[in-house]
Amino acid sequence: MSDVAVRIAQLYLHPVKSCAGIAVDEALLIETGLEFDRAWMVVDAQARFVTQRELPRMALIRPTLKAYELVLRAPGMLAMHLSLDAVEAPCRVQVWNDEVAAYDMGDLAAQWFSDFLGQAMRLVRFDPEQKRLSNREWTGHIEAENAFSDGYPLLVTSTAGLDELNRRLAEPVTMQRFRPNLVLDGLEANGEDHLDEVRFDTPEGPVRLKLVKPCSRCSIPDTDPQTAQVGHAVGDALAAYRADARVNGAITFGMNAVIVEGVERALRVGMHGEASYRFD
């Protein structure tokens, strides 16, 4: 099968893990994925990460990135402004099975999240000196670094994949439910499942991304990002056609990707590229 032409239809950042995402026109690729993606995380009193799986209300926390600050807004709350170049005390936190170095973001941020979520929480920022690597069973020889993402630096989906899902739903949903970084045009429905590498030629040089693992899905796509209401229609629809033998029959949507080449280069919406297919 020959290469296929693709185009970046959308780019998303999720600055605070499991809070709302931001659609951006361009994003810088760094060692851990897109700059500022999953750079912050909410933790409980035991310093363990929390997500929409337990607290769907996190979907209503909406970040904005300004020139020098991260601004957080939520219903009924005053806006919280955090400097992009300031952290407070170093700490250790748990994300999945990894205990990693981070920085606490201070008592004011902790109180803001605690008030909105109704229990004691703190906000932390990933320590860039920490090396948290993806599973080498999937990445092979590539040492893929992560911040607070679930396990891989990037998530790639396709517009055609969402169109196919919406064809099966009574009420269409948006791509925000799947929390991707790159959304590609030019593929067949869920065509990303079968890709090996995607390449973009940027003014700074080439970017090469390798798609390594299908993204297993939990309950988060059934949380409405506008209302935080939890349903089951999305999960039910995916279960009918998206079981993937590569991950023991788990329900998948999108592909986790790692960076082969292109750190410190920018990706932009509308950028055209080429994708190659796997032959395994």
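The values are calculated or read from the model by the stated rules, or taken from the named source; none is laboratory data. Computed from a predicted model, the values in this text were never measured in an experiment. Don't worry about glycine lacking a Cβ; one is built from the backbone with ideal geometry, like all the others, and counts go over all protein chains shown.
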### Query
In this structure, does Glu197 turn out to be surrounded by fewer than 21 Cβ atoms within 10 Å (Cβ to Cβ), at negative phi and outside any loop (DSSP other than H, G, I, E, B)?
yes
- Message: Any residue that is of a type in the set (Val, Ile, Thr), farther than 30 Å from Glu264 by Cβ and surrounded by fewer than 21 Cβ atoms within 10 Å (Cβ to Cβ) - is there at least one of those in the range 174-190?
- Response: yes
* Determine whether Pro225 is at pLDDT 95 or above, of a type outside the set (A, V, I, L, M, F, W, C) and touching a helix residue (DSSP H, G or I) at 6+ places or on another chain (Cβ under 9 Å). => yes
With the first residue restricted to the range 18-40 and required to be charged (D, E, K, R), and the second required to be not in a strand (DSSP E or B), Cβ contacts under 6 Å at 6 or more apart or on different chains are Asp25/Val269; Glu31/Val263; Asp37/His14; Arg38/His14; Arg38/Lys17; Arg38/Ala147; Arg38/Phe148; Arg38/Ser149
Among residues of the range 133-148 being in a helix (DSSP H, G or I) and in contact (Cβ under 8 Å) with a residue 12 or more places away in the chain, the residue surrounded by the fewest Cβ atoms within 10 Å (Cβ to Cβ) is Trp138
Filtering the range 1-16 down to residues that are outside any strand (DSSP E or B) and more than 19 Å from Ala74 (Cβ to Cβ) yields Met1, Ser2, Asp3
Sole miss for Asp104 among (1) touching a Lys or Arg at 6+ places or on another chain (Cβ under 7 Å); (2) buried (at least 20 other Cβ atoms within 10 Å of the Cβ); (3) within 28 Å of Gly76 (Cα to Cα); (4) not aliphatic (A, V, I, L, M) is condition (2)
The correct count of residues that are among the charged types (D, E, K, R), in contact with a strand residue (DSSP E or B) (Cβ under 6 Å, 6 or more places away or on another chain) and either assigned to a helix (DSSP H, G or I) or under 30 Å from Gly205 (Cα atoms) (or both) in the range 223-263 is 2
Pairs returned, first residue in the range 203-223 that is without any contact (Cβ under 8 Å) to a residue 40 or more places away in the chain and within 22 Å of Gly191 (Cα to Cα), second residue that is of a type in the set (A, V, I, L, M, F, W, C) and assigned to a strand (DSSP E or B), beta-carbon separation under 8 angstrom, 6 or more apart or interchain, are Ser216/Ala250; Ser216/Ile251; Arg217/Ala250; Arg217/Ile251; Arg217/Phe253
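One line per residue, one yes/no per condition, for (1) under 29 Å from Leu211 (Cβ atoms); (2) not hydrophobic (A, V, I, L, M, F, W, C):
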position: Ala89; (1), (2): no, no
position: Arg122; (1), (2): no, yes
position: Arg125; (1), (2): yes, yes
position: Asn135; (1), (2): yes, yes
